[in-house]
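To start, the structure under review is shown below, and the notes come after it.
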Amino acid sequence: MRYRQVADNTGQKPLRRFGARLTEREKSTMQNFILHTPTKILFGKQQIAEMAGQIPADARILITYGGGSVKKNGVLDQVYSALAGRDVREFSGIEPNPTYETLIKAVEVVKAENIDFLLAVGGGSVVDGTKFIAAAARYTADSDAWHILQTVGSHITDAVPMGCVLTLPATGSESNSGAVITRKSSGDKQHFFSPLVQPRFAVLDPVVTYSLPPRQVANGVVDAFVHTLEQYLTYPVDAKVQDRFAEGLLLTLLEDGPRALAEPENYAVRANVMWSATMALNGLIGAGVPQDWATHMLGHELTAMHDLDHAQTLAIVLPALLHEKKAQKREKLLQYAERVWGLREGSEDSRIDDAIAATRAFFEQMGVPTRMADYQLDGSSIPALLDKLQQHGMTALGEHQDITLDVSRRIYEAAR
Ligand code: NZQ
Ligand code: ZN
């Protein structure tokens with residue numbers, strides 16, 4: 001019996017059998033798992049002020065942030081107040097879909113200034129970028145830190161400890177061990193995992209999300225929704241807790257996602273959205289269940305090539321992927337149709353089609369279009385996207401590793 005480690009988007013590395021089919025009995029029961037969620041969560045109003053105790057008193061701290069939203073909305077001021085009297089420097093300019101080219105400059109700062117704690121203040125891009133900085137600053141396996149991405153983080157042996165103040169509920173990066181980094185010069189967007197880069201703490205104050213532009217609110221809800229589906233819409237293993245937690249997250253996002261757009265300063269709504277996004281990708285709902293991250297892998301290539309927002313790519317790929325994999329996902333699609341969308345009437349096929357259509361309509365309702373054409377893409381780049389998937393080893397995706405390049409081509413074609 002052969003095994004290989006299959007990295008997933010939560011940073012867990014469950015052992016999955018490779019090269020042998022699961023027996024029906026194995027398929028129908030929960031897989032073994034080890035779950036460790038070590039990020040301390042400071043949730044709620046004014047929690048930024050409580051953060052100082054989480055960072056060693058004598059630490060040389062580097063605050064990292066993005067293009068300046070944290071200056072405009074006062075979050076950075078709150079951070080500085082919380083860290084009054086501490087040894088603090090800052091590095092700004094981490095862009096959405098953070099790039100190696102920018103981050104490597106921060107790595108030099110960390111080394112030159114002997115930084116021993118990193119504090120990311122921003123969305124998933126700043127948190128991911130800071131994870132890369134944390135690992136690259138102490139990387140010894142290769143002289144080029146891009147090696148971290150090429151080896152999915154498997155050679156990381158040390159990292160600068162980090163914490164974060166999250167300003168955009170979406171990625172779950174605040175309490176997981178994964179990160180996605182772009183190398184502009186080569187057009188690659190790739191991920192890595194390491195428990196060493198998992199944030200020690202994450203401050204989640206829903207109030208700081210009031211200033212999000214609608215596009216980013218929508219992106220965050222779609223991203224969290226898709227993370228949940230990728231750990232849920234596979235095949236049943238009688239994982240009742242994981243399934244019902246996942247359904248709870250989906251129902252919450254359906255209910256409060258549109259309300260976050262309509263009532264930006266509704267604290268209760270923002271709190272529910274923020275906690276849903278964290279719980280969608282902190283490892284909990286994915287423990288012991290099969291997972292299918294193909295939507296993300298196909299999406300990353302769209303972002304790298306066409307600069308689409310991460311969630312826009314997911315909204316494009318997911319409905320097409322669900323249609324393509326209807327047969328393999330049939331039982332869970334029926335469960336999703338019934339428990340999330342309340343679809344109980346009509347034939348099984350029509351319920352499945354209606355659930356996929358409702359998912360698409362939800363993304364559109366949030367303001368995230370679901371076809372390539374909506375983003376002025378005519379599909380002519382599909383061969384190049386497939387080349388990139390191949391280069392990145394993404395040739396056997398999905399819970400059955402049966403999303404080959406040919407299947408990916410059909411998914412991209414159907415998403416035009
Ligand atoms: O750069 P600033 O000025 O801060 O503005 C940001 C940025 O322009 C703005 N923003 C964030 N918080 C704000 C705010 N504007 C006003 N008020 C606030 N409170 O929002 C814009 C987008 O931010 P970004 O961090 O790029 O968004 P997101 O959190 O969606 O992160 C996307 C990145 O995360 C990766 C994606 O691939 C993408 O690179 N992901 C990381 C994952 C992980 N580590 O587990 C999983 C995800 O699937 C995803 O792949
Ligand atoms: Zn995502």
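The values are calculated or read from the model by the stated rules, or taken from the named source; none is laboratory data. All figures in this text were calculated on a predicted structure; none of them were measured in a lab. Cβ sites come from the backbone with ideal geometry, for glycine too, and all protein chains shown count toward neighbours. We work out accessible area using only protein heavy atoms, side chains counted, and drop any ligands, DNA or RNA first. Shrake-Rupley method; radii C 1.70, N 1.55, O 1.52, S 1.80 Å.
A few remarks follow.
- Residue under evaluation residue 214, criteria (1) in contact with a Leu (Cβ under 7 Å, 6 or more places away or on another chain); (2) away from ligand 2 (no atom under 14 Å from the Cβ); (3) open to solvent by less than 50 Å² (accessible area, probe 1.4 Å), criterion not met: (3)
- Inside segment 51-74, residues that are free of Cβ contacts under 8 Å to residues at least 60 places away in the same chain and in a helix (DSSP H, G or I) make up a count of 3.
Rundown of residues vs (1) in contact with an Asp or Glu (Cβ under 9 Å, 6 or more places away or on another chain); (2) touching a residue at least 60 places away in the same chain (Cβ under 8 Å), yes/no style:
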residue: 294; (1), (2): yes, yes
residue: 299; (1), (2): no, no
residue: 337; (1), (2): yes, no
residue: 341; (1), (2): yes, no
residue: 348; (1), (2): no, no
residue: 351; (1), (2): yes, no
residue: 377; (1), (2): no, yes
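- Scan of segment 202-229 for residues that are away from ligand 1 (no atom under 11 Å from the Cβ), in a helix (DSSP H, G or I) and either within 26 Å of residue 46 (Cβ to Cβ) or among the polar types (S, T, N, Q) (or both), ordered by number: 228
- Every residue from segment 97-121 that is more than 24 Å from residue 144 (Cβ to Cβ) and under 22 Å from the mean Cα position of the chain (by Cα): 119, 121
- Candidate set from segment 123-142 (those that are within 18 Å of residue 54 (Cα to Cα) and within 16 Å of ligand 2 (Cβ to nearest atom)); member that is surrounded by the fewest Cβ atoms within 10 Å (Cβ to Cβ): 127
- Test: residue in segment 263-276 that is more than 14 Å from ligand 2 (Cβ to nearest atom), of a type in the set (Asp, Glu), without any contact (Cβ under 8 Å) to a residue 24 or more places away in the chain and not in a helix (DSSP H, G or I): yes
- Count of residues meeting criterion [within 16 Å of ligand 2 (Cβ to nearest atom) and assigned to a strand (DSSP E or B)] in segment 143-201: 11
- Against the test of being buried (at least 24 other Cβ atoms within 10 Å of the Cβ) and more than 19 Å from residue 66 (Cα to Cα), the options 148, 181 yield a single qualifying residue, 148.
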